[in-house]
1. Tell me the residue from 74, 87 that is in a helix (DSSP H, G or I), among the aliphatic types (A, V, I, L, M) and at pLDDT 95 or above, please.
2. Name every residue in segment 62-89 that is more than 10 Å from the chain's Cα centre (by Cα) and either among the hydroxyl-bearing types (Ser, Thr, Tyr) or not assigned by TED's automatic domain parsing to the domain that holds residue 44 (or both), in order of residue number.
3. When residue 74 is evaluated against the numbered criteria (1) without any contact (Cβ under 8 Å) to a residue 24 or more places away in the chain; (2) under 15 Å from residue 171 (Cβ atoms), which criterion, by number, is the only one it fails?
4. Can you pull out the residues in segment 110-135 that are of a type outside the set (Asp, Glu), within 26 Å of the chain's Cα centre (by Cα) and surrounded by 13 or more Cβ atoms within 10 Å (Cβ to Cβ)?
5. Of all the residues that make up segment 17-27, how many are crowded, with 17+ Cβ neighbours inside 10 Å and hydrophobic (A, V, I, L, M, F, W, C)?
6. Of all residues in segment 28-58, which are assigned to a helix (DSSP H, G or I) and surrounded by fewer than 16 Cβ atoms within 10 Å (Cβ to Cβ)?
7. Look through 151, 177 and report the one residue that is surrounded by fewer than 19 Cβ atoms within 10 Å (Cβ to Cβ), under 22 Å from residue 82 (Cα atoms) and out of contact with any helix residue (DSSP H, G or I) (no Cβ under 8 Å at 6 or more places or on another chain).
8. For segment 91-107, name all the residues that are hydrophobic (A, V, I, L, M, F, W, C) and in contact (Cβ under 8 Å) with a residue 60 or more places away in the chain.
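The values are calculated or read from the model by the stated rules, or taken from the named source; none is laboratory data. Predicted, not measured: the structure shown is a model, and the values here were computed from it. Neighbour counts are summed over all protein chains in view; Cβ atoms, including those assigned to glycine, are modelled from backbone coordinates with ideal geometry.
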Amino acid sequence: MQPPRGLRWVNPLGTAYLAAFTVAGAVGALAGTTWIRADIVVLPGTLLWCGALMGAVLVSAPPPRMGLLVMAWLVSAFLMFMAATGLWSAVLAHRGEKVDATVVALRDGGEKGRHIYYTLADPGGRRIPGELGQWPGSSIGASDNPEGSVGQRVTVVQDPEGLVDPRLPEELTDSEGVWILGMVVFVVVAVLCMLAGRPEANHDARTTPSGSPRRPAERSATKTGGPAGRKRARRSKNQHR
């Protein structure tokens, strides 16, 4: 399939936009680690997301197609979420260990509504790095979620190296298709970036189909209609004489 005349699917400006959003998504994957608490990740994530847009705008100010660039930026938020989810799901699927843990401490995250985070210990009494953010049977947004208490036991999948938080086995099952969905989101962002980075129409008029600048003779020929146009111009000039 040949692209329409004058439309290049890949262009330098669109590639720069895509690079900015991809880097932001990769850094946003840190939200899936134990380095950042889940209840405070919103603020740094939002700053990173806004910084990606600022970086993209500064690549070529003003952007030739700001509307498409903003659309790509909005969709890139899902890319950041998919990257974080994909990281912890990949780590736990690769080296996670299922253990019967014991709740040793509770913490209310202070988010809108009540959200309890659980500090766990393994059967040997060693603290499991990170926190469990969901109790069995609970769901996001529900007001009557069940809650655990200190001393209760719960089965989780933990990372023996402590890079990511422990998760319920059902959370790991639910995240199995995240990589496929993440690739779809990436393709959408890439297409929007390439459309946003297309050269302006007046720039295309000054270039040949290969992208090199037109020579003055070529531009003149284009304006007069080619060799036939030049002949008519000379004939008209001779008649006036």
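1. Of the residues listed, the single one that is in a helix (DSSP H, G or I), among the aliphatic types (A, V, I, L, M) and at pLDDT 95 or above is 74.
2. 85, 89 - these are the residues of segment 62-89 that are more than 10 Å from the chain's Cα centre (by Cα) and either among the hydroxyl-bearing types (Ser, Thr, Tyr) or not assigned by TED's automatic domain parsing to the domain that holds residue 44 (or both).
3. (2)
4. Those that are of a type outside the set (Asp, Glu), within 26 Å of the chain's Cα centre (by Cα) and surrounded by 13 or more Cβ atoms within 10 Å (Cβ to Cβ): 130, 132, 133, 134.
5. 4
6. Across segment 28-58, the qualifying residues are 39, 40, 42, 43, 44, 46, 47, 50, 51, 54, 58.
7. On inspection, the qualifying residue turns out to be 177.
8. 91, 92, 93, 101
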